[in-house]
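Peer 1: Take this structure, written in C-alpha coordinates, and hold onto it; I'll ask about it next.
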Amino acid sequence: MNDDDDLLDDIDLHAWRVPPPAAIDRPLLVMRALSPAAAAAKRPRLGWLLAGIVLVNAAIVALLVILLARPTATTTRIIERPAGGAVDAKVHDVLARLEQEQRRLEGKLSEIQELRDLVLELSERVRKCEQRDAKREPKVPRQRIDNDATCDEVSCVLQNYNASCCAKYRRDAPPVASPSLPESLDWNRGSIMNGIASVKAKVMSCGVSSSVHGTVKVRVVVRPDGLVRDVTVEATPDPALGKCVEAAVVRAVFPQTQLGGSFTYPVVF
Amino acid sequence: MERATALRSRSAARAELDDLTLRRAQQGERAALDALVARYHPVVHALVWRMACARGESHVADLVQDALIRVLQNVARFDPAGRARLSTWILTITTRVVLNDRRRDTSRDSKVEPTSYIDPQTAAAERELGAAIARAVIELPEAQRIAFVLREYHDLDYGEIAKVLDVDVGTVKSRLSRARAAVRDTLLRAHPDLFRGAR
(Lines give C-alpha, C1' and ligand atoms only; values in the text may rest on other atoms or scores of the structure.)
Protein backbone atom coordinates (compact mmCIF):
# COMPACT_ATOMS: atom_id res chain seq x y z
CA MET A 1 0.00 0.00 0.00
CA ASN A 2 2.86 2.36 0.85
CA ASP A 3 6.60 2.15 1.00
CA ASP A 4 6.55 2.83 4.71
CA ASP A 5 4.45 -0.24 5.22
CA ASP A 6 7.55 -2.29 4.66
CA LEU A 7 9.41 -0.53 7.45
CA LEU A 8 7.97 -2.85 10.09
CA ASP A 9 7.35 -5.79 7.79
CA ASP A 10 9.69 -8.08 9.60
CA ILE A 11 8.00 -7.46 12.94
CA ASP A 12 4.78 -9.03 14.05
CA LEU A 13 3.09 -6.01 15.54
CA HIS A 14 0.27 -8.23 16.77
CA ALA A 15 2.64 -9.58 19.33
CA TRP A 16 1.24 -6.66 21.32
CA ARG A 17 -1.81 -8.55 22.39
CA VAL A 18 -4.93 -7.08 23.78
CA PRO A 19 -6.53 -8.87 26.70
CA PRO A 20 -9.96 -10.26 26.03
CA PRO A 21 -12.61 -7.67 26.84
CA ALA A 22 -14.28 -7.97 30.16
CA ALA A 23 -17.69 -9.43 30.04
CA ILE A 24 -20.34 -6.79 29.94
CA ASP A 25 -24.00 -7.01 30.60
CA ARG A 26 -25.14 -6.40 27.06
CA PRO A 27 -28.89 -6.18 27.77
CA LEU A 28 -28.18 -3.67 30.50
CA LEU A 29 -25.94 -1.71 28.18
CA VAL A 30 -28.63 -1.68 25.52
CA MET A 31 -31.21 -0.62 28.07
CA ARG A 32 -29.00 2.19 29.27
CA ALA A 33 -28.37 3.35 25.75
CA LEU A 34 -32.06 3.39 24.86
CA SER A 35 -33.41 4.92 28.06
CA PRO A 36 -34.00 8.66 27.95
CA ALA A 37 -32.49 9.00 31.42
CA ALA A 38 -29.21 7.82 30.02
CA ALA A 39 -29.41 10.40 27.31
CA ALA A 40 -30.13 13.05 29.89
CA ALA A 41 -27.23 11.87 31.99
CA LYS A 42 -24.95 12.53 29.08
CA ARG A 43 -25.64 16.21 29.33
CA PRO A 44 -24.99 17.22 32.90
CA ARG A 45 -23.60 20.58 31.90
CA LEU A 46 -26.64 21.43 29.83
CA GLY A 47 -28.85 20.44 32.73
CA TRP A 48 -26.94 22.64 35.13
CA LEU A 49 -27.08 25.46 32.63
CA LEU A 50 -30.83 25.14 32.23
CA ALA A 51 -31.28 24.95 35.98
CA GLY A 52 -29.19 28.07 36.40
CA ILE A 53 -31.19 29.94 33.79
CA VAL A 54 -34.45 28.90 35.47
CA LEU A 55 -33.18 30.01 38.87
CA VAL A 56 -32.00 33.37 37.55
CA ASN A 57 -35.32 33.97 35.84
CA ALA A 58 -37.18 33.05 39.01
CA ALA A 59 -35.05 35.45 41.00
CA ILE A 60 -35.69 38.26 38.52
CA VAL A 61 -39.44 37.63 38.59
CA ALA A 62 -39.46 37.59 42.39
CA LEU A 63 -37.53 40.86 42.48
CA LEU A 64 -39.94 42.48 40.05
CA VAL A 65 -42.92 41.29 42.07
CA ILE A 66 -41.42 42.70 45.25
CA LEU A 67 -40.63 46.03 43.63
CA LEU A 68 -44.05 46.37 42.04
CA ALA A 69 -45.86 45.39 45.22
CA ARG A 70 -44.21 48.14 47.27
CA PRO A 71 -46.51 51.09 48.05
CA THR A 72 -45.17 54.21 46.42
CA ALA A 73 -47.81 56.81 47.39
CA THR A 74 -47.00 57.30 51.03
CA THR A 75 -43.71 56.95 52.72
CA THR A 76 -43.49 56.60 56.44
CA ARG A 77 -40.43 57.63 58.35
CA ILE A 78 -39.84 55.61 61.42
CA ILE A 79 -37.40 57.10 63.87
CA GLU A 80 -36.21 54.55 66.27
CA ARG A 81 -35.35 55.99 69.61
CA PRO A 82 -32.44 54.62 71.55
CA ALA A 83 -33.46 51.99 74.04
CA GLY A 84 -30.98 52.55 76.83
CA GLY A 85 -27.38 52.50 77.97
CA ALA A 86 -24.87 55.34 78.32
CA VAL A 87 -24.42 55.92 74.63
CA ASP A 88 -28.13 55.68 74.02
CA ALA A 89 -28.75 58.26 76.73
CA LYS A 90 -26.30 60.65 75.05
CA VAL A 91 -27.96 60.13 71.74
CA HIS A 92 -31.30 60.74 73.35
CA ASP A 93 -29.99 63.94 74.96
CA VAL A 94 -28.60 65.17 71.64
CA LEU A 95 -31.88 64.46 69.94
CA ALA A 96 -33.77 66.36 72.64
CA ARG A 97 -31.46 69.35 72.29
CA LEU A 98 -31.88 69.29 68.57
CA GLU A 99 -35.63 69.35 68.97
CA GLN A 100 -35.39 72.31 71.38
CA GLU A 101 -33.14 74.16 68.96
CA GLN A 102 -35.53 73.46 66.18
CA ARG A 103 -38.46 74.84 68.19
CA ARG A 104 -36.45 77.95 69.12
CA LEU A 105 -35.51 78.60 65.52
CA GLU A 106 -39.11 78.15 64.48
CA GLY A 107 -40.18 80.76 67.05
CA LYS A 108 -37.52 83.18 65.77
CA LEU A 109 -38.66 82.58 62.29
CA SER A 110 -42.25 83.43 63.17
CA GLU A 111 -41.09 86.64 64.90
CA ILE A 112 -39.10 87.63 61.88
CA GLN A 113 -42.14 87.01 59.77
CA GLU A 114 -44.28 89.23 62.00
CA LEU A 115 -41.70 92.04 61.94
CA ARG A 116 -41.49 91.81 58.24
CA ASP A 117 -45.26 92.16 57.95
CA LEU A 118 -45.17 95.15 60.30
CA VAL A 119 -42.46 96.89 58.29
CA LEU A 120 -44.42 96.33 55.15
CA GLU A 121 -47.53 97.79 56.73
CA LEU A 122 -45.70 100.86 58.00
CA SER A 123 -44.03 101.48 54.70
CA GLU A 124 -47.40 101.28 53.04
CA ARG A 125 -48.81 103.82 55.47
CA VAL A 126 -45.92 106.20 54.90
CA ARG A 127 -46.37 105.94 51.21
CA LYS A 128 -50.07 106.75 51.50
CA CYS A 129 -49.39 109.71 53.75
CA GLU A 130 -46.84 111.10 51.35
CA GLN A 131 -49.28 110.81 48.52
CA ARG A 132 -51.99 112.58 50.55
CA ASP A 133 -49.66 115.40 51.63
CA ALA A 134 -48.42 115.87 48.12
CA LYS A 135 -51.99 116.44 46.97
CA ARG A 136 -53.03 119.11 49.51
CA GLU A 137 -49.81 120.73 50.72
CA PRO A 138 -49.23 124.16 49.09
CA LYS A 139 -45.78 125.49 48.59
CA VAL A 140 -44.61 127.05 51.75
CA PRO A 141 -42.48 130.18 51.19
CA ARG A 142 -39.15 130.06 52.74
CA GLN A 143 -39.06 131.46 56.15
CA ARG A 144 -37.75 134.90 56.13
CA ILE A 145 -34.79 135.75 58.25
CA ASP A 146 -35.84 138.55 60.43
CA ASN A 147 -34.47 138.07 63.80
CA ASP A 148 -30.85 138.72 64.48
CA ALA A 149 -30.28 135.38 66.05
CA THR A 150 -30.56 133.54 62.73
CA CYS A 151 -29.21 136.29 60.58
CA ASP A 152 -25.78 135.30 59.49
CA GLU A 153 -23.95 135.95 56.27
CA VAL A 154 -24.71 132.53 54.74
CA SER A 155 -28.44 132.93 55.39
CA CYS A 156 -28.34 136.37 53.84
CA VAL A 157 -26.58 135.11 50.75
CA LEU A 158 -29.25 132.43 50.40
CA GLN A 159 -31.97 135.10 50.87
CA ASN A 160 -30.27 137.34 48.34
CA TYR A 161 -29.77 139.97 51.07
CA ASN A 162 -33.54 140.66 51.14
CA ALA A 163 -33.78 140.64 54.89
CA SER A 164 -33.26 143.87 56.64
CA CYS A 165 -30.58 142.39 58.77
CA CYS A 166 -28.55 141.44 55.69
CA ALA A 167 -27.68 144.99 54.74
CA LYS A 168 -24.52 144.80 56.70
CA TYR A 169 -23.38 141.79 54.68
CA ARG A 170 -23.99 143.42 51.30
CA ARG A 171 -20.79 144.35 49.56
CA ASP A 172 -22.34 147.37 47.86
CA ALA A 173 -24.73 148.16 50.63
CA PRO A 174 -24.23 151.29 52.60
CA PRO A 175 -22.39 150.58 55.76
CA VAL A 176 -24.29 150.44 58.89
CA ALA A 177 -23.68 153.59 60.74
CA SER A 178 -22.10 153.24 64.06
CA PRO A 179 -23.54 155.66 66.56
CA SER A 180 -20.13 156.18 68.09
CA LEU A 181 -18.62 157.28 64.79
CA PRO A 182 -18.94 160.71 63.22
CA GLU A 183 -21.67 160.93 60.63
CA SER A 184 -19.25 161.90 57.87
CA LEU A 185 -15.60 162.04 57.63
CA ASP A 186 -13.98 165.33 57.77
CA TRP A 187 -11.96 164.90 54.72
CA ASN A 188 -9.14 167.16 55.55
CA ARG A 189 -5.76 166.88 54.05
CA GLY A 190 -4.33 165.19 57.09
CA SER A 191 -6.77 162.23 57.20
CA ILE A 192 -6.46 161.75 53.44
CA MET A 193 -2.69 161.81 53.61
CA ASN A 194 -2.73 159.34 56.46
CA GLY A 195 -4.80 156.92 54.39
CA ILE A 196 -2.73 157.37 51.29
CA ALA A 197 0.44 156.99 53.28
CA SER A 198 -0.33 153.31 53.75
CA VAL A 199 -0.07 152.77 50.00
CA LYS A 200 2.33 155.60 49.21
CA ALA A 201 5.25 153.29 48.48
CA LYS A 202 3.26 151.18 46.01
CA VAL A 203 1.90 154.29 44.29
CA MET A 204 5.34 155.74 43.88
CA SER A 205 6.70 152.43 42.59
CA CYS A 206 4.37 152.85 39.63
CA GLY A 207 6.47 155.81 38.56
CA VAL A 208 9.68 153.80 38.87
CA SER A 209 8.45 151.13 36.48
CA SER A 210 7.15 153.74 34.00
CA SER A 211 9.15 156.36 32.13
CA VAL A 212 6.10 158.60 31.66
CA HIS A 213 6.02 161.83 33.58
CA GLY A 214 2.93 163.77 34.50
CA THR A 215 0.03 163.80 36.97
CA VAL A 216 -2.36 160.91 37.57
CA LYS A 217 -5.59 162.12 39.16
CA VAL A 218 -7.76 159.46 40.86
CA ARG A 219 -11.15 159.79 42.58
CA VAL A 220 -11.38 157.59 45.68
CA VAL A 221 -14.72 156.52 47.30
CA VAL A 222 -14.31 155.33 50.88
CA ARG A 223 -16.81 153.14 52.77
CA PRO A 224 -17.89 153.89 56.34
CA ASP A 225 -15.56 151.21 57.61
CA GLY A 226 -12.62 153.06 56.02
CA LEU A 227 -12.00 150.63 53.21
CA VAL A 228 -11.89 151.89 49.62
CA ARG A 229 -15.04 151.09 47.72
CA ASP A 230 -14.04 152.45 44.37
CA VAL A 231 -11.13 154.16 42.62
CA THR A 232 -11.60 156.03 39.34
CA VAL A 233 -8.74 157.34 37.26
CA GLU A 234 -9.85 160.77 36.15
CA ALA A 235 -6.65 161.79 34.37
CA THR A 236 -3.46 160.04 33.48
CA PRO A 237 -0.63 160.58 30.98
CA ASP A 238 -0.45 156.80 30.49
CA PRO A 239 -3.25 154.26 30.95
CA ALA A 240 -0.85 151.69 32.35
CA LEU A 241 0.38 154.15 34.89
CA GLY A 242 -3.22 155.00 35.80
CA LYS A 243 -4.07 151.32 36.25
CA CYS A 244 -1.03 150.87 38.46
CA VAL A 245 -2.00 153.79 40.64
CA GLU A 246 -5.61 152.61 40.82
CA ALA A 247 -4.47 149.14 41.95
CA ALA A 248 -2.33 150.65 44.65
CA VAL A 249 -4.83 153.12 45.98
CA VAL A 250 -7.67 150.63 46.26
CA ARG A 251 -5.83 148.94 49.13
CA ALA A 252 -5.65 152.10 51.21
CA VAL A 253 -7.33 152.19 54.61
CA PHE A 254 -8.90 155.31 56.02
CA PRO A 255 -10.47 156.19 59.39
CA GLN A 256 -14.01 154.80 59.98
CA THR A 257 -16.96 157.19 59.59
CA GLN A 258 -20.75 156.90 59.66
CA LEU A 259 -21.29 157.66 55.99
CA GLY A 260 -17.94 157.33 54.34
CA GLY A 261 -16.87 159.85 51.70
CA SER A 262 -14.88 160.55 48.57
CA PHE A 263 -12.05 162.72 47.42
CA THR A 264 -9.75 163.34 44.46
CA TYR A 265 -6.04 162.79 44.85
CA PRO A 266 -3.35 163.78 42.35
CA VAL A 267 -0.12 161.88 42.06
CA VAL A 268 2.71 163.61 40.33
CA PHE A 269 5.41 161.58 38.60
CA MET B 1 3.66 -9.41 0.69
CA GLU B 2 3.01 -11.93 3.37
CA ARG B 3 1.88 -9.15 5.66
CA ALA B 4 -0.65 -7.82 3.16
CA THR B 5 -2.04 -11.28 2.75
CA ALA B 6 -2.34 -11.65 6.48
CA LEU B 7 -4.16 -8.33 6.67
CA ARG B 8 -6.64 -9.36 4.01
CA SER B 9 -7.28 -12.67 5.74
CA ARG B 10 -7.86 -10.89 9.06
CA SER B 11 -10.21 -8.45 7.39
CA ALA B 12 -12.16 -11.24 5.82
CA ALA B 13 -12.44 -12.99 9.13
CA ARG B 14 -13.70 -9.74 10.70
CA ALA B 15 -16.82 -9.48 8.58
CA GLU B 16 -19.32 -6.72 9.09
CA LEU B 17 -22.67 -7.23 10.72
CA ASP B 18 -25.20 -8.54 8.25
CA ASP B 19 -27.60 -6.09 6.72
CA LEU B 20 -30.72 -7.56 8.26
CA THR B 21 -29.38 -7.40 11.80
CA LEU B 22 -28.13 -3.90 11.17
CA ARG B 23 -31.52 -2.80 9.89
CA ARG B 24 -33.24 -4.30 12.92
CA ALA B 25 -30.75 -2.64 15.20
CA GLN B 26 -31.42 0.69 13.52
CA GLN B 27 -35.11 0.13 14.24
CA GLY B 28 -34.26 -0.31 17.92
CA GLU B 29 -34.72 -4.02 18.23
CA ARG B 30 -32.96 -5.07 21.38
CA ALA B 31 -31.80 -8.44 20.15
CA ALA B 32 -30.19 -6.87 17.13
CA LEU B 33 -28.59 -4.22 19.27
CA ASP B 34 -27.33 -6.96 21.53
CA ALA B 35 -25.87 -8.72 18.53
CA LEU B 36 -24.23 -5.52 17.37
CA VAL B 37 -22.60 -5.07 20.75
CA ALA B 38 -21.45 -8.68 20.77
CA ARG B 39 -19.94 -8.26 17.32
CA TYR B 40 -18.10 -4.96 17.83
CA HIS B 41 -17.31 -5.04 21.52
CA PRO B 42 -13.89 -6.66 20.95
CA VAL B 43 -13.02 -4.14 18.23
CA VAL B 44 -13.95 -1.19 20.40
CA HIS B 45 -12.14 -2.69 23.33
CA ALA B 46 -9.01 -3.33 21.30
CA LEU B 47 -8.84 0.26 20.07
CA VAL B 48 -9.52 1.73 23.49
CA TRP B 49 -7.00 -0.56 25.12
CA ARG B 50 -4.24 0.31 22.72
CA MET B 51 -4.99 3.99 23.09
CA ALA B 52 -5.65 4.20 26.82
CA CYS B 53 -4.19 1.16 28.52
CA ALA B 54 -1.82 3.47 30.36
CA ARG B 55 -4.80 4.79 32.28
CA GLY B 56 -5.83 1.54 33.81
CA GLU B 57 -8.26 -1.25 33.05
CA SER B 58 -11.24 0.31 34.77
CA HIS B 59 -10.82 3.48 32.78
CA VAL B 60 -10.59 1.42 29.62
CA ALA B 61 -13.79 -0.38 30.56
CA ASP B 62 -15.57 2.93 31.16
CA LEU B 63 -14.47 4.26 27.80
CA VAL B 64 -15.56 1.06 26.08
CA GLN B 65 -19.00 1.30 27.62
CA ASP B 66 -19.24 4.96 26.77
CA ALA B 67 -18.31 4.27 23.16
CA LEU B 68 -20.73 1.37 22.83
CA ILE B 69 -23.58 3.43 24.29
CA ARG B 70 -22.84 6.16 21.77
CA VAL B 71 -22.88 3.58 19.01
CA LEU B 72 -26.19 2.17 20.13
CA GLN B 73 -27.75 5.59 20.50
CA ASN B 74 -26.67 6.69 17.05
CA VAL B 75 -26.81 3.53 15.02
CA ALA B 76 -30.08 4.63 13.45
CA ARG B 77 -28.16 7.46 11.79
CA PHE B 78 -25.68 5.16 10.11
CA ASP B 79 -26.17 4.95 6.35
CA PRO B 80 -25.53 1.40 5.11
CA ALA B 81 -25.46 2.65 1.54
CA GLY B 82 -22.78 5.18 2.38
CA ARG B 83 -19.08 4.90 1.69
CA ALA B 84 -18.12 4.05 5.27
CA ARG B 85 -18.28 0.55 6.63
CA LEU B 86 -20.06 -0.01 9.90
CA SER B 87 -16.82 -0.99 11.58
CA THR B 88 -15.16 2.21 10.36
CA TRP B 89 -18.10 4.24 11.64
CA ILE B 90 -17.89 2.51 15.04
CA LEU B 91 -14.12 3.06 15.18
CA THR B 92 -14.73 6.71 14.38
CA ILE B 93 -17.08 7.06 17.35
CA THR B 94 -14.66 5.16 19.58
CA THR B 95 -11.77 7.37 18.50
CA ARG B 96 -13.79 10.48 19.31
CA VAL B 97 -14.65 9.12 22.73
CA VAL B 98 -11.01 8.36 23.48
CA LEU B 99 -9.74 11.70 22.22
CA ASN B 100 -12.42 13.62 24.08
CA ASP B 101 -11.54 11.78 27.23
CA ARG B 102 -7.89 12.66 26.84
CA ARG B 103 -8.74 16.29 26.25
CA ARG B 104 -10.86 16.40 29.39
CA ASP B 105 -8.23 14.87 31.61
CA THR B 106 -4.63 14.67 30.50
CA SER B 107 -3.30 14.46 34.03
CA ARG B 108 -4.01 10.78 34.32
CA ASP B 109 -1.92 9.92 31.31
CA SER B 110 0.89 7.35 31.66
CA LYS B 111 0.22 6.50 35.27
CA VAL B 112 0.20 2.85 34.48
CA GLU B 113 3.02 1.14 32.72
CA PRO B 114 1.78 0.08 29.29
CA THR B 115 1.84 -3.64 28.99
CA SER B 116 0.96 -6.34 26.59
CA TYR B 117 -1.55 -8.97 27.51
CA ILE B 118 0.36 -12.01 28.65
CA ASP B 119 -1.11 -15.10 27.18
CA PRO B 120 0.12 -18.08 29.14
CA GLN B 121 0.42 -20.04 25.97
CA THR B 122 2.65 -17.53 24.19
CA ALA B 123 6.38 -17.86 24.21
CA ALA B 124 8.49 -15.66 26.40
CA ALA B 125 10.15 -14.00 23.41
CA GLU B 126 6.84 -13.05 21.93
CA ARG B 127 5.67 -11.66 25.25
CA GLU B 128 8.80 -9.57 25.47
CA LEU B 129 8.27 -8.33 21.93
CA GLY B 130 4.67 -7.48 22.68
CA ALA B 131 5.64 -5.42 25.71
CA ALA B 132 8.32 -3.64 23.69
CA ILE B 133 5.85 -2.79 20.93
CA ALA B 134 3.36 -1.57 23.53
CA ARG B 135 5.94 0.74 25.06
CA ALA B 136 7.03 1.99 21.63
CA VAL B 137 3.48 2.74 20.54
CA ILE B 138 2.48 4.33 23.80
CA GLU B 139 5.47 6.67 23.57
CA LEU B 140 4.22 7.98 20.25
CA PRO B 141 2.50 11.36 20.13
CA GLU B 142 -1.23 10.94 20.29
CA ALA B 143 -1.92 11.98 16.70
CA GLN B 144 0.64 9.50 15.40
CA ARG B 145 -0.44 6.79 17.80
CA ILE B 146 -4.10 6.82 16.79
CA ALA B 147 -3.20 6.73 13.11
CA PHE B 148 -0.74 3.90 13.74
CA VAL B 149 -3.22 1.85 15.76
CA LEU B 150 -6.04 2.34 13.25
CA ARG B 151 -3.76 1.36 10.40
CA GLU B 152 -1.82 -1.50 11.89
CA TYR B 153 -4.37 -3.08 14.18
CA HIS B 154 -7.72 -2.20 12.61
CA ASP B 155 -6.81 -2.38 8.94
CA LEU B 156 -8.18 1.02 7.99
CA ASP B 157 -6.76 2.47 4.80
CA TYR B 158 -5.42 5.99 4.59
CA GLY B 159 -8.69 7.47 3.39
CA GLU B 160 -10.66 5.90 6.21
CA ILE B 161 -8.13 7.08 8.79
CA ALA B 162 -8.31 10.55 7.29
CA LYS B 163 -12.10 10.54 7.73
CA VAL B 164 -11.89 9.20 11.26
CA LEU B 165 -9.37 11.85 12.29
CA ASP B 166 -10.89 14.52 10.05
CA VAL B 167 -7.54 15.33 8.44
CA ASP B 168 -6.05 15.12 4.96
CA VAL B 169 -4.76 11.86 3.58
CA GLY B 170 -1.33 13.43 3.25
CA THR B 171 -1.37 14.24 6.94
CA VAL B 172 -2.25 10.64 7.69
CA LYS B 173 0.62 9.44 5.55
CA SER B 174 3.15 11.71 7.20
CA ARG B 175 1.93 10.79 10.66
CA LEU B 176 2.11 7.09 9.87
CA SER B 177 5.55 7.46 8.36
CA ARG B 178 6.90 9.21 11.45
CA ALA B 179 5.12 6.76 13.73
CA ARG B 180 6.59 3.74 12.02
CA ALA B 181 10.05 5.24 12.05
CA ALA B 182 9.74 6.05 15.73
CA VAL B 183 8.45 2.57 16.61
CA ARG B 184 11.21 0.97 14.58
CA ASP B 185 13.87 3.10 16.27
CA THR B 186 12.50 2.31 19.70
CA LEU B 187 12.35 -1.38 18.99
CA LEU B 188 15.79 -1.31 17.43
CA ARG B 189 17.25 0.19 20.55
CA ALA B 190 15.47 -2.31 22.79
CA HIS B 191 15.89 -5.39 20.58
CA PRO B 192 18.61 -4.98 17.98
CA ASP B 193 18.36 -8.61 17.05
CA LEU B 194 14.82 -8.14 15.74
CA PHE B 195 16.04 -6.32 12.63
CA ARG B 196 19.22 -8.22 12.08
CA GLY B 197 17.79 -10.09 9.13
CA ALA B 198 16.25 -7.00 7.57
CA ARG B 199 19.52 -5.09 7.60
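The values are calculated or read from the model by the stated rules, or taken from the named source; none is laboratory data. Given the structure is predicted, the values throughout are model-derived calculations rather than measurements. Cβ sites come from the backbone with ideal geometry, for glycine too, and all protein chains shown count toward neighbours. Just the protein is used for accessible areas: all its heavy atoms, side chains included, with ligands, DNA and RNA removed. Shrake-Rupley method; radii C 1.70, N 1.55, O 1.52, S 1.80 Å.
Peer 1: Classify the range B:21-98 as rounded, prolate or oblate, taking a ≥ b ≥ c as the square roots of the eigenvalues of its Cα gyration tensor: rounded when a/c is under 1.5, otherwise prolate if a/b is larger than b/c and oblate if not.
Peer 2: prolate
Peer 1: Taking beta carbons within 10 Å but only from partner chains, what does the mean come to for residues B:144-157?
Peer 2: 1
Peer 1: How do B:153, A:265 rank by accessible surface area computed with a 1.4 Å probe, from largest to smallest? Intermediate values should be presented prior to the final figure.
Peer 2: Numbers: B:153 5, A:265 25 Å².
So, going from the largest accessible area down, we get A:265, B:153.
Peer 1: Return the sequence-ordered ³J(HN,Hα) values of the range A:46-56 in whole Hz as given by the Karplus equation 6.51 cos²θ - 1.76 cosθ + 1.60 applied to θ = phi - 60°, using x for Gly and Pro.
Peer 2: With the stated coefficients, the range A:46-56 comes to 5, x, 4, 5, 4, 4, x, 4, 4, 5, 5 Hz.
Peer 1: Quick one: 3J(HN,Hα) in Hz for the range B:94-104, Karplus 6.51/-1.76/1.60 with θ = phi - 60°, rounded, Gly and Pro as x.
Peer 2: Calculated HN-Hα couplings, in order: 4, 4, 4, 4, 5, 5, 5, 4, 5, 5, 5 Hz.
Peer 1: Taking amide H positions as placed in the peptide plane 1.01 Å from N, state which residues far from residue A:17 in sequence (5 or more) or on other chains have amide H under 5 Å from it.
Peer 2: Placed amide hydrogens put B:117 under 5 Å from residue A:17.
Peer 1: Using a 1.4 angstrom probe with every protein chain in place, what is the largest-first accessible-area order of A:257, A:236? Mind showing how you got there, number by number?
Peer 2: Working: A:257 0, A:236 55 Å².
Most to least solvent-accessible, the answer reads A:236, A:257.
Peer 1: Still on this structure: Using 16 Å as the cut-off for backbone N distance, which residues of the range A:90-107 belong to the label zone defined by a point 7 Å from the Cα of residue A:120 along Cα→Cβ?
Peer 2: none
Peer 1: OK, next. In what order, largest first, do A:213, A:14, B:154 sit by accessible area if the probe radius is 1.4 Å?
Peer 2: Solvent-accessible surface, decreasing: A:213, A:14, B:154.
Peer 1: I've got another one for you. Applying 1/(1 + (r/R0)^6) with R0 = 22 Å to the Cβ-Cβ distance of residue A:209 and residue A:250, what FRET efficiency is obtained, to the nearest 0.05?
Peer 2: 0.80
Peer 1: Can you list the residues, at least 5 places off or on another chain, whose amide H is less than 5 Å from the amide H of residue A:235, using H built in the peptide plane?
Peer 2: Those qualifying (amide H under 5 Å, at least 5 residues apart or on another chain) are A:217.
Peer 1: When ranked by the protection proxy of mean other Cβ atoms within 10 Å per residue, highest first, what sequence do the peptides A:94-105, B:50-61 form? Each step should come with its number before you reach the end.
Peer 2: Values: A:94-105: 10.3, B:50-61: 19.1.
Result, highest mean first: B:50-61, A:94-105.
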